[in-house]
Amino acid sequence: MALSGMRGLSVFISDIRNCHNKEQERLRVDKELGNIRTRFKNEKGLSPYEKKKYVWKTLYIYMLGYDVDFGHMETVSLISAPKYPEKQVGYIVTSCLLNENNDFLRMVINTVRNDIIGRNETYQCLALTMVGNIGGKEFSESLAPDVQKLLISSSCRPVVRKKAALCLLRLYRKNPDVVNIDGWSDRMAQLLDERDLGVLTSVMSLFVSLVSNNAEAYWNCLPKCVRILERMARNQDIPQEYTYYGIPSPWLQVKTMRALQYFPTIEDPGARRALFEVLQRILMGTDVVKNVNKNNASHAVLFEALALVMHLDAEKEMMSQCVALLGKFIAVREPNIRYLGLENMSRMLLVTDVQDIIKRHQAQIITSLKDPDISIRRRALDLLYGMCDVTNAKEIVEELLQYLNTAEFAMREELSLKAAILAEKFAPDLSWYVDVILQLIDKAGDFVSDDIWYRVVQFVTNNEDLQPYAAAKAREYLDKPALHETMVKVSAYLLGEYGHLLARRPGCSPKELFAIINDKLPTVSYESYIDVEIQQRAVEYFELSRKGAALADVLAEMPKFPERESALLKKAEDAEVDTAEQSAIKLRSQQQTSSAIVVADQPPVNGSVPASNHLTLVKMPSQNITEDSNVTYEEPPVEIPKENGAPVEVESKVENIPETNIESKVEPPAVHPASQADLLADLLGPLAIEGPPAAVEQNPVQGLETNQSPVGDLALATLEDQSNSVQPIVNVEEKFHILCSKDSGVLYEDPHIQIGLKAEWRAHHGRLVLFLGNKNTAPLLSVQALILPPSHLKTELSSVPDTIPPRAQVQIPLEVVNLRASRDVAVLDFSYTFGTSLVNVKLRLPVVLNKFLQPITLSPEEFFPQWKALNVQNLKVQEVVKGVKPLPLPEIASLFMSLHLAVAPGLDNNPNNLVACTTFFSETTRAMLCLVRIETDPQDRTQLRLTVASGDQYLTFELKEYIKEHLIDIPRVQTASPPVPVQPQLPPAAVPATYNDPGAMLAGLL
Amino acid sequence: MADTRETFQQIRFILLQNRQGKTRLAKYYVPLEDSEKHKVEYEVHRLVVNRDPKFTNFVEFRTHKVIYRRYAGLFFSMCVDITDNELAYLECIHLFVEILDHFFSNVCELDLVFNFHKVYLILDEFILAGELQETSKRAIIERMGELEKLE
């Protein structure tokens, strides 16, 4: 054993080693740190040797895990030392102690540069090494040209040039602009002719990085790579020292094959033939040998060759050879090879035509799902997930469920999610789906997110045939002694809604059902709910449970509601009902409450409701309601006027909509102040309004509306047609746009009526509630509402009462089913009479494309294969969009988020680009993945290139147009200038020079 | 992470740790804060230390992969991108160990403890910017000889 060569350092290390416990070690370290600190303070007395010693000690202490918050300055200053030993320490310790963002580094940029351009080769190496390891953007800008010179200099020794190559790679990663592509492709081609394999190894890494960003520019290098591979495959002219267990540098072979995977295809027939020969040789000629290292090295090359064959989408024969090899690998005992076999088989799934061959290995793969090594199990899980389809879903999902029993914590979440997704995607029948999800909740309730059980509820609700089955299943689970909270919730919901279907079965009478649910409910933690509504229901439920004999009435089967008229409204309508009727109303309102106890009577949205989004609870000031039930009503968030009359959102969640320009909004000055207050405010106040407000004839808002930019032609077209004497007192256009990205708010308001809207979306279903609030003390008559649906929407509007009593509010549910992708918009044709005036408005409903999108986050391994697989005409379309609102990228990102497109940072390594993923739901497409990419031009923010891909050409087209509409004209523009119209498809000639061929660009990412 | 490009294809860090979790060498090629480094070292140690020798040499670590190999009581771990070639890095570790073995003639943990500064020097000749720089054992040993003469 050799000692450090610095006595003081060796002694210190020995001392540390001799410490018996952590406390002793800390004392020793503190003592040393104190010593170093004092010595550094009066630096004058320090010899270069001592400085060096202390700096190494500092690094040692840092390595032990102690914070070293001083000595950085001293370390960095050693870089400028005149002699090699101190300089060396300065460079090496600096690159261990500091990271690229440290300010001290800036001070030495000049010294570093002088070392790089100086004559001393050793100093050049030190400087290149440090910059290569921790150089940041600033280094990139000031040093790149000098580093390039060293790389291509013929007078430099290999030891400098290989460092220069990797140093340049670092600088390029920090700032791609430092490598000017024009000149570099030729230089790169020359560099790939390098004979020194050390330099070539480094150059190849640089090349991989360059080509990954822009394969197009380096076509000329492709044949060189093939030649390098040929040379290595034949072991031609490879010095002994560059073979590893007899294999010509496996690392260089791997890197070279990696570089080739960035080229979309290899067209040159000569190069292609030569390459396939090499690949064939690797595929056929790799044997399993005893020596582990040799085996690993040859298989490293083999797996890279497999990846390249898959990338090149080689002839069928070669591909089936690959599958056969992988089939062999997943059955071997050697864990690394088996792991890689599984991993590569998952990648293989993306190649067409081999899925069926892979399926033959299903049993073998399932064995790996039971392997003791979690790494192997993860690969097996991924592969099973990837290869699952309708034919094998039952078997695979059942295996996953079984595995869930024994799976460790770290895997359960992923496992449950995957099982749930597969069950939904490939369910052969819905009852099986219900079974699977209930089992999932039972086995791993903690990992079943609310979304999953909401979905079950939704399926059951929409499939009558399923309801008795689901209810019976739920009932079975309730017999278990210990139940997960989620299971209680879902069973309570299902039995609450469909328990009556079981009424004749033993143990399923309403009373028994009630008793058993009541028994389990205490395990559900209502107090944790931030949603006031849920808390309220919980209290009601508690009260109800103490009703005693009256309970039987309450528990009576829920009668069908022919129309959704609220009990409250009924009362408001007729205050003088006789007592008999009153008790009927009372009963009904209780029943209504009872159905709402278990889960609110709307599709469940509890649990996950964020605090910022809580609903405003309002008590209706109805006189005779007070004592019998605490019925509460959810109101859509509404606007309360500020002093200046500008509406302010009550709801605190502002989302990502650009702020409204308040000044430009003009409120009708003539309106009575109180009448500006909306219905809600009226109700909150003690009925302060004396009479109906005067109808406003000349409403400035109208002028504003018509002057506004021709966004949303439909709304304006219909607005112009409306020759009503009563005019809206809100900007209808703007309200519509707000509701496009929010799910509750005001849709329309005039002096007599306010129409609010609240919506909930589940996959391709939407459930909207229109709130029609009469603001007057006189009734609104001849109320009519009609939906004019576009062909892609199925809508069902509940019946609308002919009259809305004074100060009353009516809720009208509207069900929407999305059949396919379209940008067309449903219109609500609404009319009423007040006094002598007939008011008729046509309002666009915010049932827009993005409501059926659900953002999804994809990892690069999920994204790129999909992106590649969609390289099909019409499925992936691209367009250069001009006249775009010049937005900085983060703003585009937030716009995307408001459209439910999940921006995935890091997928595209060009900082000017942005990639987003989402899932679109419709009846025809079901859940369909959509991928979006935009490439902006930093020089010209008014144009960008938009690429949209999905598995459905109509969806692709509609989504592209939809995004375009938002990019070109952000909703709610306040400026009077009309937006630049959408430009149709531009000829490729118009593509700015900074853009490259899309295929090549994305291949660069792969 | 400051730069998305760093997520592509490079060694993010190399750790040498003993069974007790003491770090013998730590080299980061991506900028991390000190606290983050300590966390990473702790987590990687926990991840690899109890794995059965019959298991794979690959473990998923956050969004990356750790390729590790155990030599006596020492764990050599490299964190790489999940799409990287695992076996190539696994043998990269072995090559590094062979170089250390050659340099210290029959390397043991104590050599690496008392000469940690030399280990850093050797590593800098072997890997740079998170990429393999030189795969010839002879070239590296010769280079170390040159450098020792200068001290």
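The values are calculated or read from the model by the stated rules, or taken from the named source; none is laboratory data. These numbers were taken from a predicted model, which means no experiment stands behind them. Note that each Cβ is placed from the backbone with ideal geometry, even for glycine, and that neighbours are counted across all protein chains shown.
So that you can scan it fast, the table gives a plain yes or no per residue for (1) in a helix (DSSP H, G or I); (2) surrounded by 13 or more Cβ atoms within 10 Å (Cβ to Cβ); (3) away from every other protein chain (no Cβ under 14 Å); (4) without any contact (Cβ under 8 Å) to a residue 40 or more places away in the chain:
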| residue | (1), (2), (3), (4) |
| --- | --- |
| A:GLY5 | no, yes, no, yes |
| A:VAL11 | yes, no, no, yes |
| A:ILE16 | yes, yes, no, no |
| A:GLU25 | yes, yes, no, yes |
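When the residues of segment A:908-925 are narrowed to those that are at pLDDT below 85 and β-branched (Val, Ile, Thr), which ends up farthest from the chain's Cα centre (by Cα)?
Step by step, filter segment A:908-925, then rank; the result is A:THR924.
Taking the stated definitions as given, is B:ARG51 within 10 Å of chain A (Cβ to nearest Cβ), over 15 Å from the mean Cα position of the chain (by Cα) and buried (at least 16 other Cβ atoms within 10 Å of the Cβ)? Break it down into steps so the answer makes sense when it comes.
Details: within 10 Å of chain A (Cβ to nearest Cβ): yes; over 15 Å from the mean Cα position of the chain (by Cα): yes; buried (at least 16 other Cβ atoms within 10 Å of the Cβ): yes.
Taking the combined requirement at face value, the residue satisfies it.
Go through segment A:28-49 and count every residue that is exposed (fewer than 15 other Cβ atoms within 10 Å of the Cβ), more than 48 Å from the chain's Cα centre (by Cα), more than 14 Å from chain B (Cβ to nearest Cβ) and assigned to a helix (DSSP H, G or I).
9
Look through A:LEU828, A:LEU788, A:LEU819 and report the one residue that is modelled with pLDDT of 90 or more and within 38 Å of the chain's Cα centre (by Cα).
Working: A:LEU788 fails: modelled with pLDDT of 90 or more; A:LEU819 fails: modelled with pLDDT of 90 or more.
Unique residue meeting the criteria: A:LEU828.
Report the residue count in segment A:265-305 for those that are within 14 Å of chain B (Cβ to nearest Cβ) and of a type in the set (Phe, Trp, Tyr).
Selection size over segment A:265-305: 1.
(1) within 14 Å of chain B (Cβ to nearest Cβ); (2) under 23 Å from A:GLN364 (Cα atoms); (3) part of a loop (DSSP other than H, G, I, E, B): which one isn't true of A:TYR262, the others all being true?
Among (1) within 14 Å of chain B (Cβ to nearest Cβ); (2) under 23 Å from A:GLN364 (Cα atoms); (3) part of a loop (DSSP other than H, G, I, E, B), the lone unmet condition for A:TYR262 is (2).
Of the residues that make up segment A:381-404, is at least one surrounded by fewer than 18 Cβ atoms within 10 Å (Cβ to Cβ) and either without any contact (Cβ under 8 Å) to a residue 24 or more places away in the chain or under 30 Å from A:ARG504 (Cα atoms) (or both)?
Yes, segment A:381-404 has at least one match.
Matching residues to (1) crowded, with 18+ Cβ neighbours inside 10 Å; (2) touching a Cys at 6+ places or on another chain (Cβ under 7 Å); (3) within 14 Å of chain B (Cβ to nearest Cβ); (4) closer than 22 Å to A:THR243 by Cβ:
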site	(1), (2), (3), (4)
A:LEU171	yes, no, yes, no
A:ASP193	no, no, no, yes
A:SER212	yes, no, yes, no
A:ASN220	no, no, no, no
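Inside segment A:876-912, can you point out the residues that are acidic (Asp, Glu) and within 14 Å of chain B (Cβ to nearest Cβ)?
Our first condition is that a residue be acidic (Asp, Glu); within segment A:876-912, this holds for A:879, A:891, A:908.
Correct list: A:ASP908 only.
Inside segment A:164-190, can you point out the residues that are among the basic types (Lys, Arg) and farther than 20 Å from B:PRO31 by Cβ? Give the steps one after another, and end with the answer.
Here is the first cut: in segment A:164-190, the residues among the basic types (Lys, Arg) are A:170, A:173-174, A:187.
A:ARG187 - this is the single residue of segment A:164-190 that is among the basic types (Lys, Arg) and farther than 20 Å from B:PRO31 by Cβ.
Residues of segment A:205-220 being without any contact (Cβ under 8 Å) to a residue 40 or more places away in the chain and out of contact with any Ser or Thr (no Cβ under 7 Å at 6 or more places or on another chain), which ones?
Correct list: A:LEU210 only.
Could you tell me how many of the residues in segment B:35-83 are of a type in the set (Val, Ile, Thr) and not in a helix (DSSP H, G or I)?
Filtering segment B:35-83 for residues of a type in the set (Val, Ile, Thr) gives B:40, B:44, B:48-49, B:56, B:59, B:63, B:66-67, B:80, B:82-83.
Subsequent filtering for residues that are not in a helix (DSSP H, G or I) retains B:56, B:59, B:63, B:66-67, B:80, B:82-83.
Adding up the residues that qualify gives 8.
Would you mention how many residues in segment A:350-363 are of a type in the set (D, E, K, R), touching a residue at least 24 places away in the same chain (Cβ under 8 Å) and either within 14 Å of another protein chain (Cβ to nearest Cβ) or over 16 Å from A:ASP382 (Cβ atoms) (or both)?
Residues of segment A:350-363 that are of a type in the set (D, E, K, R), as a first pass: A:353, A:356, A:359-360.
Checking which are touching a residue at least 24 places away in the same chain (Cβ under 8 Å) leaves us with A:353, A:359-360.
Going one step further and asking which of them are either within 14 Å of another protein chain (Cβ to nearest Cβ) or over 16 Å from A:ASP382 (Cβ atoms) (or both), we end up with A:353, A:360.
Qualifying residue count for the region: 2.
Taking the stated definitions as given, is A:ARG347 more than 25 Å from B:ASN50 (Cβ to Cβ) and in contact (Cβ under 8 Å) with a residue 40 or more places away in the chain? Walk me through it before giving the result.
On the way: more than 25 Å from B:ASN50 (Cβ to Cβ): yes; in contact (Cβ under 8 Å) with a residue 40 or more places away in the chain: yes.
In short, yes.
For segment A:897-907, what are the residues that are more than 11 Å from the chain's Cα centre (by Cα) and assigned to a helix (DSSP H, G or I)?
Filtering segment A:897-907 down to residues more than 11 Å from the chain's Cα centre (by Cα) leaves A:898-899, A:906-907.
A:SER898 - this is the single residue of segment A:897-907 that is more than 11 Å from the chain's Cα centre (by Cα) and assigned to a helix (DSSP H, G or I).
Please specify each residue of segment B:105-144 satisfying the condition of being facing chain A (nearest Cβ under 7 Å), in a helix (DSSP H, G or I) and without any contact (Cβ under 8 Å) to a residue 24 or more places away in the chain.
B:LEU110, B:ASP111, B:PHE114, B:HIS117, B:ASP124, B:ARG138, B:ALA139, B:ARG143
Can you pull out the residues in segment A:107-137 that are among the charged types (D, E, K, R) and either buried (at least 23 other Cβ atoms within 10 Å of the Cβ) or over 37 Å from the mean Cα position of the chain (by Cα) (or both)?
Restricting attention to segment A:107-137, the residues satisfying the condition of being among the charged types (D, E, K, R) are A:113, A:115, A:119, A:121, A:137.
Matches in segment A:107-137: A:ARG113, A:ASP115, A:ARG119, A:GLU121.
Only one of these is outside any loop (DSSP other than H, G, I, E, B) and within 13 Å of chain B (Cβ to nearest Cβ): A:VAL55, A:VAL68, A:VAL76. Name it.
Values: A:VAL68 fails: outside any loop (DSSP other than H, G, I, E, B); A:VAL76 fails: within 13 Å of chain B (Cβ to nearest Cβ).
Step by step, each of A:VAL55, A:VAL68, A:VAL76 is checked, and only A:VAL55 is outside any loop (DSSP other than H, G, I, E, B) and within 13 Å of chain B (Cβ to nearest Cβ).
Can you name the number of the only condition in (1) buried (at least 19 other Cβ atoms within 10 Å of the Cβ); (2) more than 12 Å from the chain's Cα centre (by Cα); (3) more than 10 Å from every other protein chain (Cβ to nearest Cβ); (4) not β-branched (Val, Ile, Thr) that B:ARG62 fails?
That leaves (1) as the condition not met.
Of all the residues that make up segment B:65-83, how many are within 13 Å of chain A (Cβ to nearest Cβ), touching a strand residue (DSSP E or B) at 6+ places or on another chain (Cβ under 8 Å) and of a type in the set (Ser, Thr, Tyr)?
Count: 1.
Of all residues in segment A:168-216, which are under 17 Å from A:ASN912 (Cβ atoms), of a type outside the set (Phe, Trp, Tyr) and assigned to a helix (DSSP H, G or I)? Don't jump to the end; show me each part of the working.
Taking segment A:168-216 first, the residues under 17 Å from A:ASN912 (Cβ atoms) are A:172-179, A:181, A:212-214, A:216.
In the following step, the residues that additionally are of a type outside the set (Phe, Trp, Tyr) were identified as A:173-179, A:181, A:212-214, A:216.
Selection gives A:ARG173, A:LYS174, A:PRO176, A:ASP177, A:VAL178, A:ILE181, A:SER212, A:ASN213, A:GLU216.
Having 2 or more residues that are farther than 14 Å from A:SER950 by Cα, in contact with a helix residue (DSSP H, G or I) (Cβ under 8 Å, 6 or more places away or on another chain) and more than 14 Å from chain B (Cβ to nearest Cβ) is the bar; report the strands (runs of 3 or more DSSP E) wholly within segment A:826-875 that clear it. Write out each step before concluding.
Values: elements: A:827-834, A:837-844, A:853-855.
Counting at least 2 such residues, we get A:837-844.
Do you know which residues across segment A:881-896 are outside any loop (DSSP other than H, G, I, E, B) and either under 14 Å from the mean Cα position of the chain (by Cα) or within 21 Å of A:ARG823 (Cβ to Cβ) (or both)?
Here is the first cut: in segment A:881-896, the residues outside any loop (DSSP other than H, G, I, E, B) are A:881, A:889-896.
Matches in segment A:881-896: A:VAL881, A:ILE892, A:ALA893, A:SER894, A:LEU895, A:PHE896.
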